[in-house]
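Visitor: Sharing a structure, written as structure tokens. Questions coming.
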Amino acid sequence: MDRRAFLTAATAGLLIPPPAIPAAAASSSSRTLRADPFSLGVASGDPSLDGFVLWTRLAIDPLGGDGRGGMPSRDMEVDWQVATDERFTKVVKSGTATARAGAAHSVHVELKGLQPGRDYFYRFRSQGRLSPAGRTRTTPQGDTPLNFAVAACAHYEHGYYTAYRRLAEQEPDLVVFLGDYMYEYGPSGYKSIAGRVRDHTPGKCETLADYRLRHAQYKSDPDLQAAHAVAPWLVSFDDHEVENNWAGEVSGSDTPGFEQRRSQAFRAYYENMPLRRATLQGAVLKVNRRISWGTMARFHLLDTRQFRDDQACLDGVRAGCDERLADKRTLLGSDQWRWLESGLHDSTTRWNLLGQQIMVAHRDFKIGPGREVNLDSWDGYAAERTRLLESLSSTPNPVVLTGDAHMHHLAELKTDFDDPDSPVVARELVASSIASDGDGYRDRTWIAEALQENPHMSYIDQRRGYLMARLTRDEMSVDFRTLDYISRKGARAKTSHRLSIPAATPDSAAARAAAAPRVG
């Protein structure tokens, strides 16, 4: 069975192959629930050389108003299996996990002891019910090529998740998701668009029950479930998983009780994502981490929300904000900055990929004289951006992966964006949104003006979509994938722009490192 056939069968619930999980291993085999508890699908994430995280969450009524998914208020045992074949005739790992009522009956299984660089298949069983099967993968040794997808921003009301389905059909080895997995607003509470295709659950998310319910609504979508079932994910959050444009301990809406609200949003996020247990550290959700794909690539995943200073000049897109230039302003926080700089300096992989949420490239929104920038992006933290780009200038083959903007962008990153002769230190690939802002469009006049105003950018596309990339030792090839509509189902995905980034030769890399500014 090839990957596409597996995807079709898995998401249709057809993979219930012999042999079933043995009765001796099925610790809760009697059917005591009135409906299928695996309505939210399955997922895997954070792969390593010998393992990965497996996830599911039991819910017989995903939209039950208390956020508990209609589940009884008792813990339940869940059996799991990992096999080397999609029919589960060669089971290599199995066990039982406890889905605790206090954790919304979520399950996180951290696997070790598997073989590097190979596909595995997994499934769960509880209360006599069998979950859909998922495919995942351990990371390889050596310089094995990597096919991966990049996605972000999936507002449920704004369109169908066809882009997730098309991404899944391309069968990536890995999916990198860069924030705004869900949105906190109540129905029509965010950028009300014509032709809204479906409604959020009632009310703006403020309590743990609210966030759990909203995650369950999103996870109920079959196209999203297909994307999770086909490959392991690397996930990080942006703002809407908590609240629009929050910054550190500062609410984006100046509402009281934000610290508690953020903590509850973090808890719900962990409960609904394939993350390791060490991610949730009290009131802190530690999502900055590194994942290596053999000697081919290292992913440096950043958190650009939790440790930042408040946005300058009352936030927004503004002109004339000198505060944004202050040297001491931080986006990453001191600890994360040291962690990142150390990881970039010590990296021995061929490629170094920064997965982060907001645009690094300078972006002038004002056409003509003057300048207006988005103070929520790296433009609002200009001095720290310069330090970041100086570090990237001596890093082997750096590429920045970004979400948030709801448009595809391709940009050259420079330590001085006002100097046309300033050397390019990295490329930034910005993924458009999966659904946020509804049906896209191509305003060629606006695009031409924006590119002229920002000459370090060479491509912008306002349609919905995602990125598909392939890494080899010699190059990174990238397809900017777009869909013409998401207000109805069935849109095809097409490649609207393609580029190849050649890997630096040893001589050119050494020369670039020698010429790089020294930080500190």
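Visitor: Under the condition of being within 24 Å of the chain's Cα centre (by Cα) and of a type in the set (Gly, Ala, Ser), which residue from region 317-364 is nearest to Asp254 (Cα to Cα)?
Guide: Within region 317-364, the match that is nearest to Asp254 (Cα to Cα) is Gly333.
Visitor: Filter region 198-211 for residues that are not in a helix (DSSP H, G or I) and not hydroxyl-bearing (Ser, Thr, Tyr) and give the result. Full working, then the answer.
Guide: To start, the set of residues in region 198-211 that are not in a helix (DSSP H, G or I) comprises 198-207.
Once the filter is applied, which keeps residues that are not in a helix (DSSP H, G or I) and not hydroxyl-bearing (Ser, Thr, Tyr), region 198-211 yields Arg198, Asp199, His200, Pro202, Gly203, Lys204, Cys205, Glu206.
Visitor: So, in region 26-48, exactly how many residues are modelled with pLDDT under 95 and in contact with a strand residue (DSSP E or B) (Cβ under 6 Å, 6 or more places away or on another chain)?
Guide: Going through region 26-48 one residue at a time, the tally reaches 3.
Visitor: Is it true that some residue in region 189-206 is open to solvent by 40 Å² or more (accessible area, probe 1.4 Å), under 30 Å from Tyr160 (Cα atoms), among the β-branched types (Val, Ile, Thr) and in contact (Cβ under 8 Å) with a residue 60 or more places away in the chain?
Guide: yes
Visitor: How many residues does region 405-438 hold that are in contact with a Leu (Cβ under 7 Å, 6 or more places away or on another chain) and in a loop (DSSP other than H, G, I, E, B)?
Guide: Here the count works out to 2.
Visitor: Checking the conditions here, which among Asp254, Asp310, Asp303 is open to solvent by 10 Å² or more (accessible area, probe 1.4 Å), in contact (Cβ under 8 Å) with a residue 40 or more places away in the chain, not in a helix (DSSP H, G or I) and not polar (S, T, N, Q)?
Guide: Numbers: Asp254 fails: in contact (Cβ under 8 Å) with a residue 40 or more places away in the chain; Asp303 fails: open to solvent by 10 Å² or more (accessible area, probe 1.4 Å).
Unique residue meeting the criteria: Asp310.
Visitor: Scan region 271-280 residue by residue and report those that are open to solvent by 30 Å² or more (accessible area, probe 1.4 Å) and touching a residue at least 60 places away in the same chain (Cβ under 8 Å).
Guide: Arg276, Arg277
Visitor: So which residues in region 361-404 are hydrophobic (A, V, I, L, M, F, W, C) and either part of a helix (DSSP H, G or I) or open to solvent by 10 Å² or more (accessible area, probe 1.4 Å) (or both), if there are any at all?
Guide: Answer for region 361-404, where residues must be hydrophobic (A, V, I, L, M, F, W, C) and either part of a helix (DSSP H, G or I) or open to solvent by 10 Å² or more (accessible area, probe 1.4 Å) (or both): Phe365, Ile367, Trp378, Ala382, Ala383, Leu388, Leu389, Leu392.
Visitor: Test Tyr181 against the criterion of being in contact with a helix residue (DSSP H, G or I) (Cβ under 8 Å, 6 or more places away or on another chain), surrounded by 23 or more Cβ atoms within 10 Å (Cβ to Cβ) and assigned to a loop (DSSP other than H, G, I, E, B), and give yes or no. Walk me through how you get there before you give the answer.
Guide: Numbers: in contact with a helix residue (DSSP H, G or I) (Cβ under 8 Å, 6 or more places away or on another chain): yes; surrounded by 23 or more Cβ atoms within 10 Å (Cβ to Cβ): yes; assigned to a loop (DSSP other than H, G, I, E, B): yes.
Yes.
Visitor: Would you mind finding the one in Ala101, Ala97 that is modelled with pLDDT of 95 or more and touching a strand residue (DSSP E or B) at 6+ places or on another chain (Cβ under 7 Å)?
Guide: Numbers: Ala101 fails: touching a strand residue (DSSP E or B) at 6+ places or on another chain (Cβ under 7 Å).
The unique qualifying residue is Ala97.
Visitor: Can you run down the residue pairs with Cβ atoms below 6 Å, 6 or more apart or on separate chains, where the first is in region 416-442 and closer than 30 Å to Ala168 by Cα and the partner is part of a loop (DSSP other than H, G, I, E, B) and aromatic (Phe, Trp, Tyr)?
Guide: Every condition considered, the pairs that remain are Asp439/Tyr485.
Visitor: Follow-up. Could you tell me which of the residues Leu353, Leu344 is more than 23 Å from Ala283 (Cα to Cα) and either open to solvent by 30 Å² or more (accessible area, probe 1.4 Å) or not in a strand (DSSP E or B) (or both)?
Guide: Testing whether each residue is more than 23 Å from Ala283 (Cα to Cα) and either open to solvent by 30 Å² or more (accessible area, probe 1.4 Å) or not in a strand (DSSP E or B) (or both) leaves just Leu344.
Visitor: While we're here: Considering only region 157-178, how many residues are among the charged types (D, E, K, R), farther than 16 Å from Ile486 by Cβ and in contact with a strand residue (DSSP E or B) (Cβ under 7 Å, 6 or more places away or on another chain)?
Guide: Here is the first cut: in region 157-178, the residues among the charged types (D, E, K, R) are 157, 165-166, 169, 171, 173.
Subsequent filtering for residues that are farther than 16 Å from Ile486 by Cβ retains 171, 173.
Checking which are in contact with a strand residue (DSSP E or B) (Cβ under 7 Å, 6 or more places away or on another chain) leaves us with 173.
The total comes to 1.
Visitor: Scan region 212-229 and give yes if some residue there is over 30 Å from Arg123 (Cβ atoms) and in a loop (DSSP other than H, G, I, E, B), otherwise no.
Guide: no
Visitor: Tell me yes or no: at least one residue of region 132-145 is over 30 Å from Ser477 (Cβ atoms), assigned to a strand (DSSP E or B), open to solvent by 10 Å² or more (accessible area, probe 1.4 Å) and not β-branched (Val, Ile, Thr). Lay out the reasoning, then the answer.
Guide: If we filter region 132-145 for residues that are over 30 Å from Ser477 (Cβ atoms), which is where we start, we get 132-133.
Those left that are additionally assigned to a strand (DSSP E or B): none.
No, there is no match, as no residue in region 132-145 is over 30 Å from Ser477 (Cβ atoms), assigned to a strand (DSSP E or B), open to solvent by 10 Å² or more (accessible area, probe 1.4 Å) and not β-branched (Val, Ile, Thr).
Visitor: Any chance you could count how many residues in region 281-295 are surrounded by fewer than 19 Cβ atoms within 10 Å (Cβ to Cβ) and of a type outside the set (Ser, Thr, Tyr)?
Guide: Of the residues in region 281-295, 6 are surrounded by fewer than 19 Cβ atoms within 10 Å (Cβ to Cβ) and of a type outside the set (Ser, Thr, Tyr).
Visitor: Any residue that is crowded, with 21+ Cβ neighbours inside 10 Å, within 27 Å of Asp322 (Cα to Cα) and of a type in the set (A, V, I, L, M, F, W, C) - is there at least one of those in region 440-453?
Guide: No, region 440-453 contains no residue that is crowded, with 21+ Cβ neighbours inside 10 Å, within 27 Å of Asp322 (Cα to Cα) and of a type in the set (A, V, I, L, M, F, W, C).
Visitor: For region 56-94, which positions are in contact with a Phe, Trp or Tyr (Cβ under 7 Å, 6 or more places away or on another chain), small (Gly, Ala, Ser) and free of Cβ contacts under 8 Å to residues at least 60 places away in the same chain?
Guide: Listed by number, the list holds a single entry, Ala83.
Visitor: Check Ala154, Ala163 and return the single one that is open to solvent by less than 10 Å² (accessible area, probe 1.4 Å), in contact (Cβ under 8 Å) with a residue 24 or more places away in the chain and out of contact with any Gly (no Cβ under 8 Å at 6 or more places or on another chain).
Guide: Ala154
Visitor: When region 322-343 is examined, which residues are found to be touching a Leu at 6+ places or on another chain (Cβ under 7 Å) and hydrophobic (A, V, I, L, M, F, W, C)?
Guide: Of everything in region 322-343, those that are touching a Leu at 6+ places or on another chain (Cβ under 7 Å) and hydrophobic (A, V, I, L, M, F, W, C) turn out to be Leu332, Leu340.
Visitor: Continuing with the same structure: Within region 122-131, take every residue that is at pLDDT 95 or above and open to solvent by 10 Å² or more (accessible area, probe 1.4 Å) and give me the one that is farthest from Lys489 (Cα to Cα).
Guide: Arg125
Visitor: Give the residues of region 324-335 that are open to solvent by less than 10 Å² (accessible area, probe 1.4 Å) and part of a helix (DSSP H, G or I), sorted by residue number.
Guide: Those that are open to solvent by less than 10 Å² (accessible area, probe 1.4 Å) and part of a helix (DSSP H, G or I): none in region 324-335.
Visitor: For region 81-108, which residues satisfy the criterion of being under 24 Å from Arg137 (Cβ atoms), outside any loop (DSSP other than H, G, I, E, B) and open to solvent by less than 30 Å² (accessible area, probe 1.4 Å)?
Guide: Gln81, Val82, Ala83, Gly95, Ala97, Ser106, Val107, His108
The values are calculated or read from the model by the stated rules, or taken from the named source; none is laboratory data. Just so you know, these numbers come straight off a predicted model, no measurement behind them. Backbone-built Cβ (ideal geometry, glycine too); neighbour counts: all protein chains shown. Accessible surface areas use protein heavy atoms only, side chains included; no ligands, DNA or RNA. Shrake-Rupley method; radii C 1.70, N 1.55, O 1.52, S 1.80 Å.
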